[in-house]
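J.: Just passing along the structure, written as structure tokens.
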Amino acid sequence: MKEIVVLSGKGGTGKTSIVGSLAVVAQSKVLADCDVDAADLHLLLSPTVRDKNEFWSGQTAFIDAERCTQCGLCEEVCHFGAIKDYTVDEVSCEGCGFCARICPTEAITMKDNMAGYWFISETRYGTLVHARLGITQENSGKLVAVVRQNAKFITEREGLEYIIIDGPPGIGCPVISSLSGADMALLITEPTLSGMHDLDRIIGVCQHFGILALVCINKYNLNEENTHQIETYCHNQGVKVVSRIPFDNVVTEALVRGLPVVEYSDGKVSQEIKKLWRVVEGKSPPLQ
Amino acid sequence: MIISVASGKGGTGKTLVATSLALSLSKNSKVQLIDCDVEEPNAHIFLKPTFTQQEIVSIPVPKIDEGRCTYCGKCAEICAYNAIAVFQKKVLVFPELCHGCGACTYLCPEHAISEEGRGLGVVETGNSNGIKFTQGKLSIGEMMAPPIIRRAKECVDPERVAIVDVPPGTSCPVVEAIKGSDFCLLVTEPTPFGLNDLVLAVGVVRKLNIPCAIVINRAGVGDKKVEEYCLSESIPILLTIPLDTRIASLYSKGITLAEGMPEWQESFLDLFDKIKGLLR
Ligand code: SF4
Ligand code: SF4
């Protein structure tokens, strides 16, 4: 079994559109959407939810006004500035429980958070494990871990070959949680200065955790000079560029119809994505 | 006044709007830009500031004095994030799990814990043609963005209009970045992805009780559902930027819309006036 995480650093480079198409092209796999606070993959795969589960994680402090003597100790010790005028700002509270432990009148209790849901769903391309973090909730990293665990469990149980993960943008907590221990990271970038800057940071994260990284340059013809620079840069970093996908509005047209682009058209973009998967599987050599 | 620029979905043009708005305003008013997308800060690519200050952002993590420690296990029991484990003759601290809440230090019965700073990233401040520029940057391999965002936002200068570039998503870093703004601009694109994430972002600003409005970028690519949604939720659309290869090309080279196509400055000034109107 191989776990492949698709990441981008910068958002909007086409990560989810490509994962949606890999879902069509790849056989023998489970799909996992680890972009838990803004999940989009379901819009391409129209899943039927088979199993819906609550995600309980973390706690929030509550002050019982009747017991509170307004001594102000809790406000003084809170490192997150979450207590003002003897009330807790739920959004700022990180659930450490410090205040509840030191309150002299035991006026503070910690309550568990229902921080979202996770789902096991069927799609026309196999099983999808996905999630929805509650709005303004913390602990996206833990929810990512739950999604990955379940995807792994199903993959093993059914004797499948791949887990394809749609990862979150950025380089922080949920990204690290999506990446740690995976077999390979497929990095989708675009030839803009922002995309290049962010690619450099996400490659840094992969190297930090010792994960093999492959690069796909999406919309490569938007700025071919930048594309060339990305290739040189990757070469110098010892990172392989496995694909170049042209810009084509057909990707958005497919999206508007709720379809992965390879299912909607057989044009250049679809051809390139199919080739990309063969390279990832090790059946074709990379570009450089 | 603090205006945050957020998006839900990444790559919709949040930084394009934030930087062009800052530049357009800077001709007549005092402006600052705070890049709170600390995982992938990009505004500097467009505004090319000269940085004059750099500060390391750290959180206090426990350091155990094993000479005093009796291995009672209290600290491990207290820590809500499992950042401490106590064995028979050894205390292990996992600094990357610690949120720096200070509970263990305060509550250790033997006063065996002191705190030492653990760097998570930096906040840099500088200047770009009169725009005061601040950005937070999370170090590679670090997980915790909120403390850096919090620090970057402490640089708000009440004398200036502050534009805050917010990270994508809807979880804690987004909340930290938007919190305390007077107004939030949500930048989206007219596609199912854009709409799905816009709805989530609207949920965040409403929970925080911050007035908001929409900017539609790459208008013409997808469908009309974003406009229908805004209408049904009575959220004003204040600016529409078309899908245009000239704009995409400027963006790819790190040139702001306000500079590359100066005729847009008028639109950004108008956008600002509309925001002021909505706040009145
Ligand atoms: S609470 Fe203090 S004495 Fe007890 S194990 Fe922790 S450091 Fe040692
Ligand atoms: S400071 Fe708080 S989070 Fe850090 S180890 Fe101590 S109790 Fe845990």
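The numbers here are math on the coordinates, done by the rules we state, and not lab data. The structure presented is a predicted model; accordingly, all values stated were derived computationally and were not measured. Note that each Cβ is placed from the backbone with ideal geometry, even for glycine, and that neighbours are counted across all protein chains shown.
J.: Of the residues A:T136, A:T127, which is of a type in the set (S, T, N, Q) and more than 14 Å from chain B (Cβ to nearest Cβ)?
T.: Numbers: A:T136 fails: more than 14 Å from chain B (Cβ to nearest Cβ).
Testing whether each residue is of a type in the set (S, T, N, Q) and more than 14 Å from chain B (Cβ to nearest Cβ) leaves just A:T127.
J.: Which of the residues belonging to the range B:82-112 are near ligand 1 (Cβ under 10 Å from one of its atoms), within 13 Å of chain A (Cβ to nearest Cβ) and either loosely packed, with under 13 Cβ neighbours inside 10 Å or hydroxyl-bearing (S, T, Y) (or both)?
T.: Within the range B:82-112, B:T105, B:P109 meet the criteria.
J.: Pairs under 8 Å by beta carbon, first residue over 26 Å from A:G95 (Cα atoms) in the range B:61-90, partner among the hydroxyl-bearing types (S, T, Y) and more than 10 Å from ligand 2 (Cβ to nearest atom), six or more apart or different chains?
T.: B:D65/B:S114; B:Q88/B:Y71; B:K89/B:Y71; B:K90/B:Y71
J.: Among the numbered criteria (1) aromatic (F, W, Y); (2) closer than 24 Å to B:G254 by Cα; (3) within 11 Å of ligand 1 (Cβ to nearest atom), which one does B:F46 miss?
T.: Going through (1) aromatic (F, W, Y); (2) closer than 24 Å to B:G254 by Cα; (3) within 11 Å of ligand 1 (Cβ to nearest atom) one by one, B:F46 breaks only (3).
J.: Need at least 2 residues that are within 16 Å of ligand 2 (Cβ to nearest atom) per element, so show me which strands (runs of 3 or more DSSP E) inside the range B:8-125 make the cut, counting only ones lying wholly within it. If you could, list the steps in order and put the result at the bottom.
T.: Working: elements: B:31-35, B:50-64, B:84-87, B:90-93.
By residue number, B:50-64, B:84-87, B:90-93.
J.: Sticking with this one: Would you please list the contacts, defined by Cβ atoms under 7 Å and residues six or more apart or on different chains, that run from a residue in the range B:1-26 that is in contact (Cβ under 8 Å) with a residue 40 or more places away in the chain to a residue that is among the acidic types (D, E) and crowded, with 24+ Cβ neighbours inside 10 Å?
T.: From residues that are in contact (Cβ under 8 Å) with a residue 40 or more places away in the chain, the pairs are B:V5/B:D165; B:G8/B:D197; B:K9/B:D197; B:T12/B:E189; B:K14/B:D165; B:T15/B:D165; B:A18/B:D165.
J.: Would the range A:205-213 turn up any residue that is away from every other protein chain (no Cβ under 11 Å), closer than 17 Å to A:G167 by Cα, in a strand (DSSP E or B) and aliphatic (A, V, I, L, M)?
T.: yes
J.: How about the range A:59-171: which helices (runs of 4 or more DSSP H) wholly inside it have at least 1 residues that are among the small types (G, A, S)? Can you show your working first?
T.: Details: elements: A:73-77, A:98-102, A:140-157.
Qualifying helices (runs of 4 or more DSSP H): A:98-102, A:140-157.
J.: Please determine whether any residue of the range B:157-167 is within 11 Å of another protein chain (Cβ to nearest Cβ), touching a Ser or Thr at 6+ places or on another chain (Cβ under 7 Å) and surrounded by fewer than 24 Cβ atoms within 10 Å (Cβ to Cβ).
T.: Initially, the range B:157-167 is screened for residues within 11 Å of another protein chain (Cβ to nearest Cβ), giving B:167.
Right, trim to touching a Ser or Thr at 6+ places or on another chain (Cβ under 7 Å) and you get none.
No - not one qualifying residue is present in the range B:157-167.
J.: Which residue out of B:K179, B:K253 is in contact (Cβ under 8 Å) with a residue 12 or more places away in the chain, basic (K, R) and within 9 Å of chain A (Cβ to nearest Cβ)?
T.: Result of the check over B:K179, B:K253: B:K179.
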